[in-house]
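Asker: Please find one structure pasted underneath; my questions will follow.
The values are calculated or read from the model by the stated rules, or taken from the named source; none is laboratory data. For clarity, every value in this text was computed on a predicted model and none was experimentally measured. Heads up, the Cβs are rebuilt from the backbone with ideal geometry, glycines too, and the neighbour counts pull from every protein chain shown.
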Amino acid sequence: MREHFRILVVDDEVSIRKRCIRLLSRQGYQVMGASDSTAALDLIEKKGHLFDLLLVDIRMPGMDGITLMGKVKTVSPALEIIIMTGYATVETAVKAMKYGAYDYLSKPFDADELLHVVDKVHEKKTLQEEIEDLRNQLKDSRERSFVFGSSAAMNRVMNAIEKIAPIDCNLLIYGESGTGKELAARAIHDRSGRRAKPFVVADCAALSAGILESELFGHVKGAFTGAHTDRKGFFEKAHKGTLFLDEVSEIPMDLQGKLLRAVQEQTVVRLGSVEPVKVDVRIIAATNRDLEERVKENAFRPDLFFRLNVVALTMPPLRERCEDIPVLAAYFLKYYTARLNLDQRLRIPDEILNMMCAYDWPGNVRELENAVQRAAVLADNGNVRIEHMLPSGLMKTGFPDVQADQNRTFQEMRRKIVDDFTRQYLARCLVLNDGNITKTAQAMNMRRTSLQRLMKQFGMSGKSFKSL
């Protein structure tokens, strides 16, 4: 977009400088002027202005254009330069190209000639940015497709994703750690009108407040110790695409105000600069905490919450969709045996799959993936054993840790203990009866229909516990 392309015209002749600014501004470019090389360097080095193209006269009082080129290329190597001269010779052209000029214009030049060469530079820079965006997407994305599962709970999530994705609004994704919030965000981006543009991930919990501010909004050279060059932030990198704010609840209060302005006004200001930069970004935020409670605790701004929570999506924990476990386990096993060049015939025995379905998986899909990867690496002679998955986790029994849940009310604690016991007892009965619902109901001394209702409540399917 031309409105994001910034040009600095450097010429001591007022008429030529103003004419260039007028012509280029009419084409939608952002244009500034400088009367000499010293003023140009001041803008480039000290005031934090960010330019994509320098249009500079060779002959000026004081520092000439060629000398300015050398200094500029040292400060900003990516800055493209077009030389203007009324004394065009082969020697001048060669010298200009030697110092890194993109092209040169012989004075007097007409409007079409100026616009043509500037448009060529703009096209080049746009192509470079698109290539860089694609490289970043390939670098940041995982090397495989992802399987969500086919349970009723995940079908509801996928139906919501299909409905939400084309609507260009902000979104808040809730879910425990490891439930696949980022995968859902990527799926929404891939199904949206922004899919050809970048999907940028900002891990808000992993960075300190100062670093996070720089990462989100960018900085200019000299903004702080170590800022040796200008740098775009996540918002600018996600221009025309999607910015995923992971664990948004962890953003400090003093930074939330600046984030609110960026989300609300679609404008950012880099650290060390006063120049606003317009962006066009869809925000998808995610959290494993209750943001409404954080608002009540004065730990999260209510106005920011309302801006982010236009639409909400909740990712179900793995324990509530047990029928997806065999599918996910088989997928991860196939992926890691191929990636790590392991035995492709490796399989997880049915009895272990049944025990996996009876486990709570507090780390959700991420824990399951890690367990399968570990099993693939440690398998002996093609045999996966339960201790390869988790030394003790899959054999876990008993009540939840009351001490760890001391903030729950008595009623909440009692309900959690009963639910955990019921889920584990039910799963083990299904394992012992090979997933046969009739036999399981008889063993539990309950009606078949009552058992089916209970299984539905906990997202269980008899086939998940059936041996092949």
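Asker: Has segment 53-64 got any residue that is more than 36 Å from the chain's Cα centre (by Cα), small (Gly, Ala, Ser) and at pLDDT below 90?
Answerer: Yes, segment 53-64 has at least one match.
Asker: Moving to a separate point now. Out of all the residues in segment 348-370, which are touching a helix residue (DSSP H, G or I) at 6+ places or on another chain (Cβ under 7 Å) and within 18 Å of ARG428 (Cβ to Cβ)? Break it down into steps so the answer makes sense when it comes.
Answerer: To start, the set of residues in segment 348-370 that are touching a helix residue (DSSP H, G or I) at 6+ places or on another chain (Cβ under 7 Å) comprises 348, 352-361, 364-365, 368-369.
Once the filter is applied, which keeps residues that are touching a helix residue (DSSP H, G or I) at 6+ places or on another chain (Cβ under 7 Å) and within 18 Å of ARG428 (Cβ to Cβ), segment 348-370 yields ILE352, LEU353, ASN354, MET355, MET356, CYS357, ALA358, TYR359, ASP360, TRP361.
Asker: Continuing with the same structure: So which residues in segment 329-347 are surrounded by 15 or more Cβ atoms within 10 Å (Cβ to Cβ) and either of a type in the set (S, T, N, Q) or in contact with a helix residue (DSSP H, G or I) (Cβ under 6 Å, 6 or more places away or on another chain) (or both), if there are any at all?
Answerer: Scanning segment 329-347 gives ALA329, PHE332, LEU333, TYR336, THR337, LEU342, LEU346.
Asker: Next question, about the same structure. Output the residue which, of all residues in segment 360-387 that are surrounded by 15 or more Cβ atoms within 10 Å (Cβ to Cβ) and at positive phi, is modelled with the highest pLDDT.
Answerer: Checking each candidate, the answer is ASN364.
Asker: Something else about it: Looking only at segment 60-74, count every residue that is more than 18 Å from LYS125 (Cα to Cα), of a type in the set (A, V, I, L, M) and not in a loop (DSSP other than H, G, I, E, B) and tell me the total. I'd like the intermediate steps shown before the answer.
Answerer: Start the filter on segment 60-74 by keeping residues that are more than 18 Å from LYS125 (Cα to Cα), which leaves 60-71, 74.
Filter again for of a type in the set (A, V, I, L, M), leaving 60, 63, 66, 68-69.
Next, from what is left, pick out any that are not in a loop (DSSP other than H, G, I, E, B): 66, 68-69.
Adding up the residues that qualify gives 3.
Asker: Sticking with this structure for a sec: Any residue at all in segment 49-67 that is in the same structural domain as PHE109 (by TED's automatic domain parsing), closer than 18 Å to LEU105 by Cα and touching a Cys at 6+ places or on another chain (Cβ under 9 Å)?
Answerer: yes
Asker: Do we have ALA299 as assigned by TED's automatic domain parsing to the domain that holds PHE199, buried (at least 22 other Cβ atoms within 10 Å of the Cβ) and either touching a residue at least 12 places away in the same chain (Cβ under 8 Å) or in contact with a strand residue (DSSP E or B) (Cβ under 6 Å, 6 or more places away or on another chain) (or both) here?
Answerer: no
Asker: Hey, another quick one. So, in segment 1-17, how many residues would count as being β-branched (Val, Ile, Thr) and crowded, with 20+ Cβ neighbours inside 10 Å? Can you show your working first?
Answerer: So in segment 1-17, the residues β-branched (Val, Ile, Thr) come out as 7, 9-10, 14, 16.
Imposing the further condition that a residue be crowded, with 20+ Cβ neighbours inside 10 Å reduces the set to 7, 9-10.
The qualifying residues number 3.
Asker: If you go through segment 107-127 one residue at a time, do you hit one that is modelled with pLDDT under 85, aromatic (Phe, Trp, Tyr) and either in contact with a strand residue (DSSP E or B) (Cβ under 7 Å, 6 or more places away or on another chain) or not assigned by TED's automatic domain parsing to the domain that holds VAL310 (or both)?
Answerer: No.
Results for (1) over 21 Å from the mean Cα position of the chain (by Cα); (2) closer than 26 Å to GLN266 by Cα, shown as yes or no for each residue.
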site: ALA285; (1), (2): no, yes
site: ASP303; (1), (2): yes, yes
site: TYR335; (1), (2): yes, no
site: GLU351; (1), (2): yes, no
site: ALA358; (1), (2): yes, no
site: VAL365; (1), (2): no, no
site: ILE386; (1), (2): yes, no
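Asker: Further, regarding this structure: Give the residues of segment 338-352 that are without any contact (Cβ under 8 Å) to a residue 60 or more places away in the chain and part of a helix (DSSP H, G or I), sorted by residue number. Give the steps one after another, and end with the answer.
Answerer: So the first thing to find is which residues in segment 338-352 are without any contact (Cβ under 8 Å) to a residue 60 or more places away in the chain, and the list is 338, 340-349, 352.
ALA338, ILE352, listed by residue number.
Asker: Name the residues in segment 280-294 that are of a type in the set (A, V, I, L, M, F, W, C) and modelled with pLDDT of 95 or more, would you?
Answerer: Applying the first criterion (of a type in the set (A, V, I, L, M, F, W, C)) to segment 280-294 yields 281, 283-286, 291.
If the condition is that a residue be of a type in the set (A, V, I, L, M, F, W, C) and modelled with pLDDT of 95 or more, then VAL281, ILE283, ILE284, ALA285, ALA286 are the ones that fit.
Asker: Name the helices (runs of 4 or more DSSP H) wholly within segment 143-257 that hold at least 2 residues that are loosely packed, with under 14 Cβ neighbours inside 10 Å and modelled with pLDDT of 85 or more?
Answerer: Details: elements: 152-164, 181-190, 209-217, 234-237.
Counting at least 2 such residues, we get 152-164.
Asker: Here is a further query. So which of ARG366, ARG319, ARG289 ends up being touching a strand residue (DSSP E or B) at 6+ places or on another chain (Cβ under 9 Å) and either part of a loop (DSSP other than H, G, I, E, B) or of a type outside the set (Gly, Ala, Ser) (or both)?
Answerer: On the way: ARG366 fails: touching a strand residue (DSSP E or B) at 6+ places or on another chain (Cβ under 9 Å); ARG319 fails: touching a strand residue (DSSP E or B) at 6+ places or on another chain (Cβ under 9 Å).
Result of the check over ARG366, ARG319, ARG289: ARG289.
Asker: While we're here: Output the number of the condition that ASN436 fails; it satisfies all remaining conditions of (1) surrounded by 15 or more Cβ atoms within 10 Å (Cβ to Cβ); (2) on the phi > 0 side of the Ramachandran plot; (3) of a type in the set (S, T, N, Q).
Answerer: Of the numbered conditions (1) surrounded by 15 or more Cβ atoms within 10 Å (Cβ to Cβ); (2) on the phi > 0 side of the Ramachandran plot; (3) of a type in the set (S, T, N, Q), the odd one out for ASN436 is (2).
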